[in-house]
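The values are calculated or read from the model by the stated rules, or taken from the named source; none is laboratory data. All of these numbers come straight from a predicted model, not from anything done at the bench. Cβ placement follows ideal geometry from the backbone for every residue including glycine, while neighbour counts extend to all protein chains displayed. Keep in mind that these areas ignore ligands, DNA and RNA; they rest on the heavy atoms of the full protein, side chains included. Shrake-Rupley method; radii C 1.70, N 1.55, O 1.52, S 1.80 Å.
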Amino acid sequence: MGEQKIDVNALTASFPLIEKLQMQQYVFWINEQLNKEKPTISSISMEMIREAEQKLQRFSSYIKEAFPITKFSNGLIESELKEIPYMKKLIEGRRGFAIPGTLMLKCDHALPIAGSIKARGGIYEVLSYAEKLALEAGLISKSDDYAKFATDDMRAFFNQYKIAVGSTGNLGLSIGMISARLGFQVTVHMSVEAKQWKKDLLRKNGVEVIEHKTDYTEAVRQGRISAEKDNTCHFVDDENSVDLFLGYAVAGLRLQEQLKQAKVKVDADHPLFVYLPCGVGGGPGGVAYSLKQIYGKNVHIFFGEPMQSPCMLLGMMTGLHDEISVGDIGLTNQTEADGLAVGRPSRFVGTVMESVISGCYTVDDSFLFRSLKGMFETENIFMEPSAHAGVYGPIELMMQGVTYLEKHNLQQKLDSATHIIWSTGGDLVPEELRQQYLQTEI
């Protein structure tokens with residue numbers, strides 16, 4: 001993977017947008033493979049996603065017991081969907097043009113336990129592994145009350161096993177918090193981009209954190225190598241895990257229900273636009289896959305990435321996926337959006353997204369901080385910088401998406417459209433760091 005020398009000049013001749021990426025300009029890439037065939041994966045079906053939701057329901061009594069903060073949601077790890085009219089007005093005032101339709105926020109920055117979109121996928125994978133071990137050992141049956149997982153005997157049983165993961169931060173928090181609470185020995189391999197407070201919080205909760213002076217891809221590789229040497233260790237593979245993907249995909253079913261409750265129509269005359277920050281691709285990929293299965297051509301999904309780390313855009317545009325990194329075209333992969341600081345995308349996710357997402361766009365760090373401050377001042381919502389890559393989506397669509405809107409006959413339907421910005425992290429950010437972010441000018 002990634003060993004062969006990339007001929008950047010030849011690539012640029014075929015994909016002129018590479019030059020704009022190199023110049024760190026705003027890039028809006030339209031996916032020409034969209035809707036070429038109904039997106040299906042041999043290993044993933046909507047039935048599997050529904051089964052994942054049922055598994056999370058089985059575990060709700062345990063989650064409620066282990067994490068009292070979830071009692072109000074009856075052990076459900078979910079976030080609200082809300083309209084953000086004041087932020088919409090601020091954006092329109094600053095930009096000098098309207099964003100037709102309704103602007104909403106999917107508040108995954110407030111997901112309980114891990115405070116980010118990674119809570120669903122990470123916690124689901126660990127719970128799946130725990131259930132498998134407990135069933136095999138005859139400690140539980142699927143008809144039992146899963147609150148039993150909170151007992152000392154269960155913790156002692158899981159303490160015989162290990163879990164490892166490589167992360168830039170939020171997935172590590174998700175895996176670490178649930179694994180340690182269940183009783184597993186857990187190790188998180190953190191890349192150089194990871195914020196100190198995330199490492200501190202994990203250690204405080206009994207998680208071993210190994211710090212690497214390398215980027216995300218290398219941290220994952222090191223984690224994978226160490227786990228392979230130990231047959232009692234389960235490695236959570238952020239790049240290739242089907243269980244992670246299924247956990248993320250459950251969000252699509254939940255959003256469908258929330259839209260129904262909010263009486264928001266999604267059909268040919270009421271298009272749905274969804275904007276997701278993207279790192280290696282697992283979280284946004286799972287969400288996008290299930291939404292596309294549910295809404296088909298009536299949903300339009302875009303991934304937002306930092307200008308120095310547009311790995312999914314680069315991998316999908318060239319068709320090289322994980323065989324090309326942002327470093328190959330001279331970018332640094334350095335961004336304040338730590339959760340998105342990924343140089344090489346997931347091939348598994350990128351190939352699935354070929355017929356699913358409408359496109360990708362880039363955003364610079366200065367916008368992330370302006371948006372962070374604006375969201376806090378107008379809506380009293382704090383989201384970490386990475387989450388604001390989603391906020392730039394509707395702006396970029398209005399500025400550079402005319403070709404896309406015309407091609408899909410959407411321009412006359414925008415007044416009845418719904419735009420959903422998918423927030424990804426923020427609730428666990430310490431107050432001192434929040435203040436620093438709110439005062440940052442770049």
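Take every pair of alpha-carbon atoms less than 8 Å apart whose residues are at least six positions apart; their mean separation over the length of segment 290-442 yields a relative contact order of 24 percent.
Run the numbers for Glu406 and Glu19: contour at 0.36 nm per residue of separation, minus the present Cα-Cα distance, in nm.
Between Glu406 and Glu19, full extension yields an extra 136.8 nm.
Under a model in which nothing but the beta-carbon of Lys, Arg (+1) and Asp, Glu (-1) is charged, segment 38-113 shows a dipole of about 260 debye around its Cα centre. Computed from the Cβ-Cβ distance with R0 of 41 Å, the FRET efficiency linking Glu377 to Ile6 stands at 0.45. Remark: the Lys148-Lys297 segment gains 49.3 nm on full extension, using 0.36 nm per residue and subtracting the alpha carbon distance. Take the alpha carbon gyration tensor of segment 156-235, find the square roots of its eigenvalues, order them as a ≥ b ≥ c, and report rounded if a/c is under 1.5; if not, report prolate when a/b exceeds b/c, else oblate. Because a/c hits 1.5 or more and a/b fails to exceed b/c, segment 156-235 counts as oblate. With contacts taken as Cα pairs under 8 Å and at least 6 residues apart, the chain reaches a relative contact order of 22 percent. Between Leu139 and Gln57, the distance separating the two model label sites (each 7 Å from Cα on the Cα→Cβ line) works out to 2.5 nm. Ranking Asp427, Asp415 by solvent-accessible area of protein heavy atoms (1.4 Å probe, all protein chains present), from largest to smallest, gives Asp415, Asp427. Of the accessible area of the chain, computed with a 1.4 Å probe over protein heavy atoms only, carbon and sulfur atoms account for 47 percent. Charged side chains reduced to their Cβ positions (Lys and Arg at +1, Asp and Glu at -1) give segment 115-205 a dipole of some 400 debye around its Cα centre. For Lys71, the accessible area of its heavy atoms, probed at 1.4 Å with every protein chain present, is near 120 square angstrom.
Eigenvalues of the alpha-carbon gyration tensor of segment 270-328, scaled by 5 and square-rooted, set the equivalent ellipsoid semi-axes at 24, 11, 10 angstrom, largest first.
Using heavy atoms of the protein chains and a probe of 1.4 Å, the accessible area assigned to Cys107 is about 10 Å². Each Lys and Arg adds +1 at its Cβ and each Asp and Glu adds -1 at its Cβ; summed about the Cα centre, the chain shows a dipole of about 780 debye. In this label model, Lys263 and Asn231 are separated by 6.1 nm, measuring between points 7 Å along each Cα→Cβ vector.
If one takes the longest principal axis of the Cα atoms in the chain, at what angle in degrees, from 0 to 90 and to the nearest 10, does the Cα axis of helix 282-295 lie? Helix 282-295 sits roughly 70 degrees off the main axis of the chain. Comparing Glu432, Glu131, Glu239 in a Gaussian network model of the chain, where Cα atoms under 10 Å apart are tied by springs, the biggest mean-square fluctuation is seen for Glu432. Under a crude label model (7 Å from the Cα following the beta-carbon direction), how far is Glu83 from Arg434 in nanometres? Placing both labels 7 Å beyond Cα along the Cβ direction yields 2.6 nm. Taking all protein chains into account, the per residue accessible area for the chain stands at 39 Å² (1.4 Å probe).
To the nearest ten degrees, helix 242-261 and the longest principal axis of the Cα atoms of the chain are 60 degrees apart.
Test of the criteria: in segment 87-182, which trypsin sites (Lys or Arg not before Pro) are in a DSSP loop and have at most 13 other Cβ atoms within 10 angstrom of their Cβ?
Answer by residue number: Lys142.
The residue list Leu340, Met353, Ser366 was ranked by how far each Cα lies along the charge dipole of segment 299-369 toward its positive end, using unit charges on Cβ atoms, and Met353 comes out on top.
Taken as Cα centroids, segment 84-104 and segment 183-237 sit 40 Å apart, rounded to the nearest whole angstrom.
Working from Cα pairs under 8 Å separated by at least six residues, relative contact order for segment 26-93 is 17 percent. Which is farthest toward the positive dipole end of the chain among Asn240, Ala13, Gly390, measuring Cα position about the Cα centre, with Cβ charges +1 (Lys, Arg) and -1 (Asp, Glu)? Result: Gly390. Across all Cα pairs in the chain, the calculated P(r) in 10 Å bins from zero up to the longest distance comes to 4, 23, 33, 26, 11, 2, 0 percent per bin. In plain terms, the C-alpha convex hull of segment 277-413 casts an average shadow of 8.6 nm² when viewed from every direction. Farthest towards the positive end of the charge dipole of segment 115-170, among the residues Gly166, Ala137, Ala156, is the Cα of Gly166, using unit charges on the Cβ of Lys, Arg, Asp and Glu.
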